[in-house]
Amino acid sequence: MKVSTKWLRKYLDIRIGEEELCEVFTSIGLEVEGIEHLGTARQKTLVVGEIKEIRRHQNADKLSVCMVCVGPNDNRQIVCGAKNFKLNDHVPVALPGTILPGDFKISKSNLRGVNSDGMMCSGKELGLGEDHSGLLILEPSTLIGTCLHDAIDVNWDTIFDLSLTANRGDCLSHIGIARDLAAKLNLVLKLPQIHGVEVSERERPQGHFLKKISIETDNCRCYSAICIKNIEIGDSPDWMKHDLAAVGVRSISNAVDIGNWVMMETGQPVHIFDAKKIRGNQLTIRQAKDGEIIISLDGQKRVLSDDMVVICDAERPLVIAGITGSIDAEVDGNTTDILIESAYFNPDNIRKSAKTLNVSTESSHRFSRDIDKANIANYGVRVANLITEICGGEIVSSCWKVDNLEKKNITIDFQPSSIEEICGFAVPLEIAENILIKLGFSIEKSNAENWKITVPAHRPDIACVPDIVSECLRIYGTDKIPTTPTKCTGIQHESDRSAVFCQNASNYFSDQGFFECYNFALRNGNKMENLFGKNSAVSMRNPFNADQNCYRNSLIPGLLDAVKFNTQNGNSDIKFFETGHVVLRIDEKFNECLAIGCVMPIKPLERSWQPIEAEDFYDVKALILPILKNFSQRLAQFDPIKISNIWQPEHAACCGFLNREKFQATCGFLNVNLTKDFDIKQHVLAAEIIIHPSIFGRKPEKVSHKPFSQFPRISKDLSLIVKLDEPASNVENKVMKAAKKNISNDVFIESIRVFDVYQGKEIPGGTKNIGLTINYRSNGRTLMDSEIQVAFNAMQSEIEKSYEIRKQS
């Protein structure tokens, strides 16, 4: 938004320089992106002077030495080369420190042995034209010593290019900017007088050009129209041309320029029709028809869709509502009668339509940020006042307004103490009240501690108490926040167990040949629900886009994206891992947990002269066991997964529960349907460990170390017939329990290992043979085979209650 300082002075008595004004803009949240000068910038050192004495320069015939009065008891000696001045002439004087156009800085100098304390200026030197034949001679009525900008009526201006946040649509106007400055600088805001036209709601005013205004879409809630006849189209006055040029708007004609000028003044876009080109003397605001065509004012053919809004006469569309007009009803040199439109359109619809058409106009920019709903018709009347003043003509009827807008104002119950509660320091009540009133809020006090604040229509972004506090603080000044000592406890990376754990896990996977991934934490919500079930993930209320509207509850989909991308690009080293956060539902509540995941396709992509043994479930299980040892030295067993959209049933297993052990590990093959969805042809092994953050608050388990036994072990083999679906880990656990039950105190079971799994004709159908080795040892003596055989036999008697022992033939 470009803002003209000269334009702002129509509404405020601003008496600060551009540097101070730039600081003020920044302090109230209006970021200054650039500054442009038209003419010479306003400076205290550029003043009106009166020539009191003239004499020849002793060393230069073409130079004169003048004594110039620039203020009470302030006479300056200035050497000058011009010839067009005389005693008592008033001239512009640039004192030392002044910066003229071209970055020319005035300083004290010595010209041919005579000191010169400034410079008397020509019009060109001041940026006021091309005349440099002599000094710019001012009117004798100009006051000596006054700032030149206040003394003469020329187009001095400083243009600020402001960057506005999306919620500050009210600042897309000079009045909106002036309102904020009035609150900050405690100035009186002088608003333009709007008069002479009554507003008639619903009923058609007598004498109106239009017979009918019909609103047939919810995307238009208010439409007003004023008729003026017998105007004369011509050039705009110089002051208006300057104002528009200063903010980057091209002058077209007086009537059109007035509409643009009022938009820049008030923030209300208006459209001016040639009334004689409106067929049927009626306007209808409706949704466009798919494929409907309009030729916009820039001569481009625009193909419309049914989600756009158009304004039509009895036969054709004339305007793409809120965006641009058409050539069919534009004002031209032959126009004598006009109709002024001032309306309200749905900001979301305008934003979407402008994006679809790839058209950005000053109107669409303002409508998409929302406008002042309370003054829609009034600002149309403002246009009518200026047109009759500048273009002549006669307003032929009242303003016809069709209004479906809600009239209810937002009111907020506010306690002034909220400022201190939220900000941590107090703002004097009289200052807070003055700020809010100058910003356009109205305050009704039931007592000193209870205010009912009505939010002005031009501030739709204000909805709650913190918004009110924010406004008070913004204008009061964050620089006035008292300085207080702050105490905070820092934590080093090495002192955070979760950070150390992640770093160690990353180092571990890197050492195993994996590449680290960093994926977005947001995923497509529909896809997440398909994989993990309905309501399994946290949805975003206001997502950036539909593909990132849900917080992830697994790292696996993101890692598969990496596999897919690298596979399609022919990269063979595609073992990936990631550490990050996921959000899971635990006991009906969402919890943010730490997660570690890895994936590795088991089929190598490159041929090799040497057969490469493909990894299997046990490889990926062995990969994550060292990580799980961080949480428990005695891990629960891995149970096969029966049903899953992520993991391949019966080919993946899970260990631990988040609501009990506070961690959960899953490993094995990914579901083939899932990998097909990602266009991955290989089978993929994966593992994911999810850790509840509370686990890092536990005291680490104490690890006790014992010396190795110096005595030999005795091994016994056992062959069992078990059901085909019986996990080997279940068999190991039962054998371990039975073996421990039948040994003496000085004997321990060193290990039980499965050494064989067999199915064949000698094994009954629906069963399998599992061979186990049981290792016995003692720390204090050499075991006798006979005593171990007794214990082994007793163990077999115990185990026969659960399984059939296969006798060796």
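A few remarks follow.
- For the range 746-760, the Karplus equation 6.51 cos²θ - 1.76 cosθ + 1.60, evaluated at θ = phi - 60°, returns couplings of 8, 10, 9, 8, 6, 6, 10, 10, 7, 10, 7, 10, 9, 10, x Hz by residue, with Gly and Pro reported as x.
- Centroid-to-centroid separation of the range 763-792 and the range 163-195 [C-alpha atoms, Å]: 90
- Taking a ≥ b ≥ c as the square roots of the Cα gyration tensor eigenvalues, the range 752-809 comes out prolate, since a/c reaches at least 1.5 and a/b is larger than b/c.
- In units of the rule-of-thumb radius 2.2 N^0.38 Å, the range 16-158 shows an alpha carbon radius of gyration of 1.12.
- Student exercise, the range 127-285 dipole from Lys, Arg, Asp, Glu Cβ charges, in Debye to nearest 20: 1020
- Average accessible area per residue (Å²) across the range 656-776 - probe 1.4 Å, nucleic acids and ligands excluded: 58
- Computed over the alpha-carbon atoms, the range 703-757 gives an Rg to Rh ratio of 1.02, Rh here being the Kirkwood radius from the mean inverse distance.
- Inverse mean reciprocal Cα-Cα distance (Kirkwood Rh) of the range 76-133, Å: 12.2
- Computed from the C-alpha gyration tensor, the three semi-axes of the ellipsoid equivalent to the range 350-497 are 42, 25, 15 Å, from longest to shortest.
- When nucleic acids and ligands are ignored and a 1.4 Å probe is applied, MET795 ends up with an accessible area of around 0 Å².
- Under the shape rule built on the C-alpha gyration tensor, where the axes satisfy a ≥ b ≥ c, the range 452-575 is oblate, since a/c reaches at least 1.5 while a/b does not exceed b/c.
- Pairs from the table (LYS190/LYS401; LYS564/LYS662; LYS741/LYS768; LYS737/LYS807; LYS10/LYS438; LYS184/LYS407) lying more than 23 angstrom apart at Cα are LYS190/LYS401; LYS564/LYS662; LYS741/LYS768; LYS184/LYS407.
- Where only C-alpha atoms are counted, convex hull volume of the range 275-319 per residue in Å³: 67
- 3J(HN,Hα) along the range 302-313: 10, 9, 9, 10, 6, 9, 9, 10, 10, 10, 10, 8 Hz, from the Karplus curve 6.51 cos²θ - 1.76 cosθ + 1.60 with θ = phi - 60°, whole Hz, x for Gly and Pro.
- Our compactness index for the range 620-698, the C-alpha radius of gyration over the empirical 2.2 N^0.38 Å, is 1.17.
- Entry for mean projected area of the Cα convex hull in nm² (calculated from the structure that is shown) out of (i) 43.2; (ii) 61.5; (iii) 59.7: (iii)
- Dipole-positive endmost among ILE714, ILE752, SER360 within the chain (Cβ charges, Cα centre): ILE714
- Here, the range 152-310 is characterised by an Rg to Rh ratio of 0.99, where Rg is the alpha-carbon radius of gyration and Rh the Kirkwood radius.
- Solvent-accessible area, 1.4 Å probe, carbon plus sulfur percent, for the range 385-540: 50
- The range 397-460 - charge dipole about Cα centre, Lys and Arg +1 at Cβ, Asp and Glu -1, debye rounded to 20: 400
- Solvent-accessible area of LEU111, all protein chains in place: 70 Å² (probe radius 1.4 Å, heavy atoms, ligands and nucleic acids excluded).
- Farthest positive-ward along the range 100-178 dipole, Cα basis, beta-carbon charges - from TRP156, GLY102, GLY127: GLY102
- Simple rule: put +1 on each Lys or Arg Cβ and -1 on each Asp or Glu Cβ in the chain, find the dipole, and look at SER27, MET795, THR486; the Cα lying farthest toward the positive end is MET795.
- Along each principal axis, taking the top coordinate minus the bottom one, the Cα set of the range 135-177 gives 49, 18, 14 Å in descending order.
- The residues of the range 96-219 expose, per residue, 53 Å² of accessible area to a 1.4 Å probe.
- Longest to shortest principal axis, alpha-carbon extents of the range 326-431, angstrom: 64, 37, 26
- Cα gyration tensor shape of the range 672-768, rounded if a/c is under 1.5, else prolate or oblate by comparing a/b with b/c: oblate
- Karplus-derived 3J(HN,Hα), 6.51/-1.76/1.60, for each residue of the range 336-346, Hz, glycine and proline x: 10, 10, 10, 10, 9, 9, 9, 9, 10, 10, 4
- Rounded to the nearest 20, the size of the Cβ-charge dipole of the range 466-557 about its Cα centre is 280 debye, with Lys and Arg at +1 and Asp and Glu at -1.
- Non-local lysine pairs in the range 34-120, meaning eight or more places apart or on different chains, with alpha-carbon distances under 16 Å, amount to 5.
- Ranked from largest, the principal axis spans of the Cα set of the range 109-217 equal 82, 37, 26 Å.
- Placed amide H near CYS550: partners under 5 Å, 5+ positions off or other chain: ARG523, GLY525, MET540
- Counting only the Cα atoms, the range 303-360 fills a convex hull of 109 Å³ per residue.
The values are calculated or read from the model by the stated rules, or taken from the named source; none is laboratory data. This structure is a prediction, so every number in the text was calculated from the model and none was measured. Glycine gets a Cβ as well: all are built from the backbone with ideal geometry, and neighbour counts include every protein chain shown. When the accessible area is computed, the model is the full protein with side chains, heavy atoms only, and any ligands, DNA or RNA have been set aside. Shrake-Rupley method; radii C 1.70, N 1.55, O 1.52, S 1.80 Å.
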